[in-house]
Amino acid sequence: MTRMADLDRAHGLLVTLCEDAPAVSSATSALMQAFNLVVEVHSPTRIHLPTERGYAERLVTLEHLLDGLADSSTELSECLTLHDAADLVREVRAIRPAPGASR
Amino acid sequence: MTYGENQEVVSAALLALIHARSDPAAELGEILQVRRQAHMAVHERLEELGLSRHEPPRLHLNQSIAAARHPLHVLARILDTLPPVRPGSEPPSALLARHEGDVRNPHLAHWRTAARHLTLGNHDLRASADQAWRQPEAAWHLIGDLAITLDAFVLLEQRVATQKQESQMLENRLAAGSVARMANWHATDTSADLTFAAPETTLGRLGGPRIHLVRQPEDFALAQQALAGFLRPRMADIDDAACVDRPGLLAARTVATGQIRLATAFASWAEREGEHDLAQRFQAILPLYADLHRSTLRLSEVQRTASPLVVAQQSEAVQQLRKHHNARVDTQTMHALERATDVVAVTTGRSLRREVQTRRNIVSIAHEDIRVSAVVGTLGSCRRLLAASRALANLTPSAAGAAISPTRRQLAESLAASAP
């Protein structure tokens, strides 16, 4: 997969996560912030809707994607922005743990 | 202090002078000098509003027509007919400063307060981050305040007027009343009340635009006002081909996310102070901003907007929340915060609607490919954004600074009831 495709995927995941987010909470706010950071780095021309269905599953995929993108980034500002976005997704997961996660 | 708060103090001082039972007995010379400063401050404001830029009426117009067409000149003429006072030896800075002796002479104290706060109000207007009060709807609000102030000046002069001067005084009061009435009809925007002199904190070098830094919890209201100022459409936007300062998707998303964080914190502060109604009002804004953000998810821009001032000001407030998240603020500050937060919401809504409807820079991203609504000439793809913006713009309770003007209203009522 190319880097661009990964960015498109991350964007698509964030679009659906933000759209499906429940009432306003600190998790919603963190997701919104993560979306703002990703569109700062990448502005896609199409939306790639994710294949993952579950909310928690999408969060896990997104976190891995953002970590990978940040680590492979060759530009400092982009790398830091993506790390920030990944941290925010971790924050959301901490508020709402994925199914099957240790209790 | 904002312009509105300064004008409230002026009105309270003038009300106290009108209701004073006796005429001043002591320190008449100083009272006259301070009063001269008040008259000069009014003249300065007339100039700020464009007195010299507008041609004076050539013909002698009917008084009511003159009030409608040349309100600034009508007010300037009233000011000119007030008895002149020769300048004294004391500089304005000494005359306007608070004096301990004023406690013994309320007349002098009230005149000094009025003069000082008229001058401070002028400064707020002149040094505001944006100059939105120069828009006609907002300027009428200021003209109305000036008309009432001048009406009060004339009423106070009338008490010591000779019989010969009385007909002139009557004419002046009727003229001031006509201008006040005109202003009341036309002043649809009271947001000028929230204008304040932006502190000398600059973004970048060479005296760039001012970002209000949040040093203490009380600064959040001023930071919100500065943000609203940066969001407000400006004349310069028309020529801003590079979209640098225009509000767009970046501004919408940044403000939505930042305001949710701020309003959540403000709600918890209000709750802690037992201000449950205020807390609910802050919480009521949250879904509106969430909707706004959600409405932008599938949108993009033909030409990317940067909105650096909006982003910097919003970021400053959100960053400082970390330091002040457990702040304790008094009720007055809470109300100021609520008013300023409402103004940000209303201004965001209005600016985005204007941007979507007039520029067609915002486009929808389809699943397959980009679809440019600007090209096909439809606003359909931005319908959600328009609806979310409208919801914010229609936030009414104390929205757009719905002017905190109880004392000004009281002064106007008192003047209406005071026969010449």
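Read the figures in this text as sums done on the coordinates, not as results from a lab. This structure is a prediction, so every number in the text was calculated from the model and none was measured. All Cβ positions, glycine included, derive from the backbone under ideal geometry; neighbour counts span all protein chains shown.
Using the number of other C-beta atoms within 10 angstrom as an exposure proxy, rank B:93, B:315, A:25 with the fewest first.
Details: B:93 7, B:315 13, A:25 17.
If I rank by nearby Cβ atoms, fewest first, I get B:93, B:315, A:25.
Taking amide H atoms as placed 1.01 Å from N in the peptide plane, list the residues 5 or more away in sequence, or in a different chain, whose amide H sits under 5 Å from that of residue A:48.
A:12
Which residues among segment A:62-95 fall inside the zone where the amide N is under 15 Å from a point 7 Å beyond the Cα of residue B:322, along Cα→Cβ?
Hits in segment A:62-95 for residue B:322 at 15 Å: A:81, A:84-85, A:87-88.
Would you grab the residues whose amide H sits under 5 Å from the one on residue B:128? Only those 5+ places off in sequence or on another chain, please, with H modelled 1.01 Å from N.
Those qualifying (amide H under 5 Å, at least 5 residues apart or on another chain) are B:198.
Rank by packing, highest mean first: peptides B:265-276, A:49-60, with packing defined as the count of other Cβ atoms within 10 Å averaged across residues. Walk me through the numbers on the way to the answer.
Numbers: B:265-276: 18.1, A:49-60: 15.1.
Result, highest mean Cβ count within 10 Å first: B:265-276, A:49-60.
For chain A, take the longest principal axis of its alpha carbons; what is the angle in degrees between that and the long axis of helix A:76-95, to the nearest 10 within 0 to 90?
Its long axis makes an angle of about 10 degrees.
So what are the ³J(HN,Hα) numbers for segment B:318-333, from phi and the Karplus equation (6.51, -1.76, 1.60; θ = phi - 60°), rounded to whole Hz, Gly and Pro as x?
Once rounded to whole Hz, the list reads 5, 4, 6, 4, 4, 6, 10, 5, 9, 5, 10, 10, 6, 4, 4, 5.
Could you work out how much longer the chain between residue B:418 and residue B:213 gets when fully extended? Use 0.36 nm per residue separation minus the Cα distance between them, nm to one decimal.
Extending this stretch completely gives an extra 69.2 nm.
Ranked highest first by average number of other Cβ atoms within 10 Å, how do B:334-342, B:68-76 line up?
On the way: B:334-342: 22.9, B:68-76: 20.9.
For the peptides B:334-342, B:68-76, the packing ranking is B:334-342, B:68-76.
Quick one: compute a quarter of the convex hull surface over the Cα atoms of segment B:86-160 and quote it in nm².
Taking the Cα atoms of segment B:86-160, their convex hull projects to 6.8 nm² on average.
If you count, for each residue, the other Cβ atoms within 10 Å and average over each peptide, how do B:250-260, B:383-393 line up from highest to lowest?
Sorting B:250-260, B:383-393 by mean packing, highest first, produces B:250-260, B:383-393.
Please list, ordered by chain and number, the residues whose modelled amide H lies under 5 Å from the amide H of residue B:364; skip anything fewer than 5 residues away on the same chain.
Those qualifying (amide H under 5 Å, at least 5 residues apart or on another chain) are B:300, B:371, B:373.
Which order do B:318, B:34, B:85 fall in if you start with the one that has the fewest other Cβ atoms within 10 Å?
Result, fewest neighbours first: B:85, B:318, B:34.
Rounded to whole Hz and in sequence order, give me ³J(HN,Hα) for segment B:30-42 from the Karplus expression 6.51 cos²θ - 1.76 cosθ + 1.60, θ = phi - 60°, writing x for Gly and Pro.
5, 4, 4, 5, 5, 4, 4, 4, 5, 5, 5, 5, 5
What average number of partner chain Cβ atoms lie no more than 10 Å from the Cβ of the residues making up A:37-46?
The mean count of partner-chain Cβ atoms within 10 Å per residue comes to 3.
In whole Hz, with x marking every Gly and Pro, tabulate ³J(HN,Hα) for segment B:46-52 from phi via Karplus 6.51 cos²θ - 1.76 cosθ + 1.60, θ = phi - 60°.
4, 5, 4, 7, x, 3, 6
Counting each DSSP H run of 4 or more residues in chain A as -39500 (n - 2.57), what helix-only mean residue ellipticity at 222 nm follows after dividing by all residues, to the nearest 500 deg cm²/dmol?
Working: 4 runs with 72 residues, N = 103.
After summing the helix terms and dividing by residue count, I get -23500 deg cm²/dmol.
Using only Cα atoms, find the angle between the long axis of helix A:3-20 and the longest principal axis of chain A, and express it within 0 to 90 degrees, rounded to the nearest 10.
Roughly 30 degrees, rounded to the nearest 10.
With a sphere of radius 11 Å drawn around the Cβ of residue B:2, what net charge do the other residues whose Cβ falls strictly inside it have (Lys, Arg +1; Asp, Glu -1)?
On the way: positive: B:339; negative: B:5, B:8, B:124, B:193.
Spelling it out: positives minus negatives among the neighbours equals -3.
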